[in-house]
Amino acid sequence: MTGRIEGHGGDLALAALRAYGVSEMFTLSGGHVFPLYDAAHRTNFPIYDVRHEQSAVFAAEAVAKLQRRPGLAVLTAGPGVTNGISGLTSAFFNASPVLVLGGRAPAFRWGAGSLQEIDHVPLVAPVTKHAGTVWSTDDVPGAVAAALTEALSPHRGPVFLDLPLEVIFSTGEVDAPTGPAIAPVEPDPDEVANAARLIAGAERPVLIAGSDVYVGDAVDALRAAAEALRVPVFTNGMGRGALPPGHPLGFAKARRMALGGADVVVVVGTPLDFRLGFGDFGDATVVHVVDAPTQRAGHVEPAVSPAGDLRLILTAFAEHTGDRADHESWITELRTAEEAARAKDAAAMAAESDPIKPARVYGELRRVLAPDAVTIGDGGDFVSYAGRYLEPAQPGTWLDPGPYGCLGTGMGYAMGARVSYPDRQICVLMGDGAAGFSLMDVESLVRQNLPVVIVVGNNGIWGLEKHPMRGMYGYDVAADLQPELRYDQVVTALGGAGETVAKAADLGPALERAFEAGVPYLVNVLTDPTDAYPRSSNLA
């Protein structure tokens with residue numbers, strides 16, 4: 001602790017937030033949290049407000065994911081907090097260090113029926129690393145600092161504090177908190193050595209790197225390990241781009257063949273969930289590398305699962321000095337399959353068919369997106385194509401809802417991304433179903449001069465549900481939307497701009513106009529409703 005701070009609960013909270021690197025607040029106005037606004041306003045701490053609380057939490061999560069430091073959402077009591085729970089839950093599944101500060105009805109009147117009186121803590125505790133109430137004004141900065149330390153400690157995740165009305169409005173004087181001191185988790189050296197031996201000695205190893213590689217600032221260590229051990233690498237989540245396009249060990253299209261033929265599968269920084277077949281790779285030996293012991297899989301038994309700072313583990317892999325098998329023929333085999341798949345994808349992305357195939361949308365986007373563009377996926381079927389056809393050139397530039405699969409992230413993520421990177425392209429890829437969750441927050445972007453490009457794949461259906469339901473039952477219900485709805489006119493009415501595109505040849509010029517517009521701009525692409533992304537069920 002250094003120095004003293006004095007003021008109301010909002011002043012004390014903001015002092016701790018600044019010490020931990022928080023530099024903006026996302027919120028929807030509510031009287032229970034006025035002192036936080038007052039503290040921010042008087043000290044030029046930026047406030048960004050939204051039209052639905054979920055967008056505030058998603059915006060804070062985007063900042064946390066992109067910048068690898070805490071993001072802050074401030075929500076008023078009762079429905080303000082409950083409206084943010086989906087955002088908190090996504091942050092929990094995505095290991096995002098988000099702090100939600102909630103207002104709370106006054107403690108001295110508890111039980112008498114104050115406005116928006118409800119105990120939030122039991123509601124949010126299952127989807128946070130820590131949830132609590134601050135009962136004393138003098139305890140505010142210490143509680144905020146402790147919560148942020150917990151949020152930043154591996155395995156990272158969201159935290160929640162609420163402040164009763166009399167606590168946040170009262171004044172106090174306390175020691176000023178210092179910034180975080182997060183010690184790295186030291187891995188077991190024997191486990192690391194065993195894993196390195198398995199990888200080096202494999203005939204057909206494959207490495208899959210996920211979001212925690214980016215979050216843990218382990219991208220350089222990953223590259224060093226892959227290059228030293230000569231292991232082909234696939235990525236998911238924010239790990240995409242860890243090996244840039246064109247890297248001789250970077251693969252994206254030959255994953256099915258790789259996982260089907262591998263004798264050792266190394267999964268680093270991502271869970272063994274439905275996205276990876278629940279960790280079932282046939283006869284292959286599984287090595288699961290995680291950033292904390294809590295992340296070890298409980299439903300499968302890997303051969304070895306080193307837990308700790310990913311930089312330390314991957315650096316040790318790179319420095320392995322034991323025997324090594326020759327992986328070159330395996331790499332060549334995968335490269336042949338990769339190039340064949342790329343050729344097939346190139347044809348799909350150039351398709352001239354009308355109605356427009358989703359693949360063509362991504363073929364055009366690949367031409368206009370800059371290497372450092374932040375691409376945001378908010379949708380089901382339409383965004384599945386994005387995962388297949390877009391290849392981020394840099395890690396930490398891909399945002400999707402993650403394993404929780406919550407729609408509605410789009411406008412919040414867009415706000416957080418634009419605040420993080422004022423000069424980059426920000427592109428939201430949105431299904432027409434997902435548009436119903438957050439499109440009103442275009443008004444928030446317009447009002448606060450936060451331009452982004454929104455590309456809606458508009459097929460007039462819930463694609464992830466309609467096609468499978470027809471396959472199961474021969475009919476579908478609750479799976480249709482208005483065909484050819486003018487989402488671009490919604491954005492125009494809210495102060496942005498946009499257009500509808502019905503022909504493939506018009507896509508490129510429309511996207512160029514969108515990125516040059518300087519306002520939120522929606523390109524409403526009428527896509528083929530009969531085109532369904534091939535997948536196995538994720539319901540199991």
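Here the extension length gained between Glu333 and Glu301 equals 8.6 nm, from 0.36 nm per residue of separation less the Cα-Cα distance.
Separation of the stretch 365-424 and the stretch 111-149, taken as the distance between their Cα centroids, equals 32 angstrom. In this view, the solvent-accessible surface of Asp263, computed with a 1.4 Å probe and all protein chains in place, comes to about 40 Å².
When Phe382, Phe169 are compared by accessible area of protein heavy atoms, the largest-first order is Phe169, Phe382, using a 1.4 Å probe. Over the chain, accessible surface divided per residue gives 39 Å², non-protein components excluded, 1.4 Å probe.
With a Förster radius of 35 Å, plug the Cβ-Cβ distance of Arg109 and Tyr421 into 1/(1 + (r/R0)^6) and report the FRET value to the nearest 0.05.
So the FRET efficiency works out to roughly 0.20.
Close amide H pairs (under 5 Å, H built 1.01 Å from N) link Gly71 with Ala64, Val98, Leu99, residues at least 5 positions away or on another chain. Run the Debye formula on the Cα coordinates of the stretch 99-142, all scatterers equal and no solvent, and tell me log10 I(q)/I(0) at q = 0.23, 0.26, 0.28 1/Å. Results for the stretch 99-142 at q = 0.23, 0.26, 0.28 Å⁻¹ read -0.94, -1.09, -1.15.
Counting Lys and Arg as +1 and Asp and Glu as -1 over every other residue whose Cβ lies under 11 Å from the Cβ of Thr500, the net charge comes to -2. Across the stretch 348-364, rounded Karplus estimates of 3J(HN,Hα) from the backbone phi angles (6.51 cos²θ - 1.76 cosθ + 1.60, θ = phi - 60°) give 5, 6, 9, 4, 8, 5, 10, x, 6, 7, x, 4, 5, 4, 6, x, 6 Hz, Gly and Pro being marked x. For the stretch 1-112, the Kirkwood hydrodynamic radius from C-alpha pairs, put into Stokes-Einstein at 10 °C and a viscosity of 1.306 mPa s, yields a diffusion coefficient of 111 µm² per second.
A simple charge model with +1 on the Cβ of Lys and Arg, -1 on the Cβ of Asp and Glu and nothing else charged puts the dipole of the chain at about 600 debye relative to its Cα centre. The apolar share of the surface of the stretch 22-61, taken as the fraction of accessible area on carbon and sulfur atoms (1.4 Å probe, ligands and nucleic acids excluded), comes to 51 percent. Annotation: for a label point projected 7 angstrom from Cα along Cα→Cβ of Asp119, residues of the stretch 126-168 with backbone N closer than 12 Å are 133. Counting Lys and Arg as +1 and Asp and Glu as -1 over every other residue whose Cβ lies under 15 Å from the Cβ of His120, the net charge comes to -3.
Karplus-derived 3J(HN,Hα) values for the stretch 122-129, using 6.51 cos²θ - 1.76 cosθ + 1.60 with θ = phi - 60°, are x, 6, 9, 4, x, 10, 9, 6 Hz; glycine and proline are entered as x. Protection proxy ranking of 408-417, 194-203, 216-225, by the mean of other Cβ atoms within 10 Å over each peptide's residues and highest first, is 408-417, 216-225, 194-203.
For a quick check of your reading of the filter: which trypsin sites (Lys or Arg not before Pro) in the stretch 302-409 sit in a DSSP loop and have no more than 16 other Cβ atoms within 10 Å?
Hits after loop and neighbour filter: Arg324.
Among beta bridges from DSSP that stay inside the chain, the antiparallel ones total about 10%.
Scanning residues 5 or more positions from Gly498 or on other chains, those with amide H under 5 Å from its amide H are Leu522, with H placed 1.01 Å from N in the peptide plane. Compared with the direct C-alpha span, the chain from Ala348 to Arg69 gains 96.5 nm at full extension, assuming 0.36 nm per residue. Rounded if a/c is under 1.5, else prolate if a/b is larger than b/c, else oblate: which is the stretch 232-326, with a ≥ b ≥ c the root eigenvalues of its Cα gyration tensor? Note, shape of the stretch 232-326 comes out rounded.
Provide the net charge surrounding Val81, with neighbours chosen by a C-beta distance below 13 Å and charges set as Lys +1, Arg +1, Asp -1, Glu -1.
Combined, the nearby Lys, Arg, Asp and Glu give -3.
Taking the centroid of alpha carbons for each part, the stretch 428-499 and the stretch 199-222 are 36 Å apart. Would you work out what percent of the accessible area of the stretch 342-431, with all protein chains in place, is carbon or sulfur (probe 1.4 Å)? Carbon with sulfur: 51 percent of the solvent-accessible area. Placing His8, His52 in order of accessible area, with the largest value first and a 1.4 Å probe, yields His52, His8. For the stretch 126-244, relative contact order (Cα pairs under 8 Å, six or more residues apart, normalised by length) works out to 21 percent. Each residue of the stretch 367-376 was assigned a 3J(HN,Hα) from its phi angle through the Karplus expression (A = 6.51, B = -1.76, C = 1.60, θ = phi - 60°), giving 7, 10, 6, 6, x, 9, 4, 9, 10, 10 Hz with x at Gly and Pro.
When each of the peptides 291-302, 513-524, 128-139 is scored by the mean number of other C-beta atoms lying within 10 Å of its residues, the order from highest to lowest reads 513-524, 128-139, 291-302.
The values are calculated or read from the model by the stated rules, or taken from the named source; none is laboratory data. These numbers come from a predicted model, not from an experiment. Glycine also receives a Cβ, built like all others from the backbone with ideal geometry; neighbour counts cover every protein chain displayed. Side chains included, ligands, DNA and RNA excluded: accessible areas come from the protein's heavy atoms. Shrake-Rupley method; radii C 1.70, N 1.55, O 1.52, S 1.80 Å.
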